[in-house]
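The values are calculated or read from the model by the stated rules, or taken from the named source; none is laboratory data. Predicted model only: the values in this text are computed from it and were never measured. No Cβ is skipped: glycine too gets one built from the backbone with ideal geometry, and neighbour counts run over all protein chains shown.
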Amino acid sequence: MAEKHKVPAHLRPETRKWIRQILGEFDLESHHFRVLVKTAEAFDRCEQAREQLATDGLVVKDRYETPKAHPCVAIERDSRTAFFRGLRELALDGVDAPEAPRAPRTADYGSRR
């Protein structure tokens, strides 16, 4: 594989390996490669938040000693969402390509209209 795209060094080793596997299987344009990198960064951020939650727990106390959700709960959720959206946009498996119709978000989506 010619090194057409440079895999960023700031990504985790297993994430860099994943990107290299994809580059070996697909010929990505530069804009697709950028989406892939941002998707990989979202995955790494999600894992980083998950690891922090494993250490600190899901709940922290604020200055008034009131239990609150740990900030990493939102970071993990948002990063996971960004990762899955990036995968969907890349459509590497040919399913759910951006021009394909998308399923409703929830089962009751149609009844809200």
Of the residues that sit in the stretch 64-113 and are outside any helix (DSSP H, G or I) and at pLDDT 95 or above, which one is nearest to residue 25 (Cα to Cα)? 70
Quick one: residue 63 ticks every box in (1) more than 16 Å from the chain's Cα centre (by Cα); (2) under 26 Å from residue 90 (Cα atoms); (3) not polar (S, T, N, Q) bar one, so which box is it? (2)
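Does the stretch 29-59 hold any residues that are assigned to a strand (DSSP E or B) and surrounded by 14 or more Cβ atoms within 10 Å (Cβ to Cβ), and which are they?
If we filter the stretch 29-59 for residues that are assigned to a strand (DSSP E or B), which is where we start, we get 59.
Of everything in the stretch 29-59, nothing turns out to be assigned to a strand (DSSP E or B) and surrounded by 14 or more Cβ atoms within 10 Å (Cβ to Cβ).
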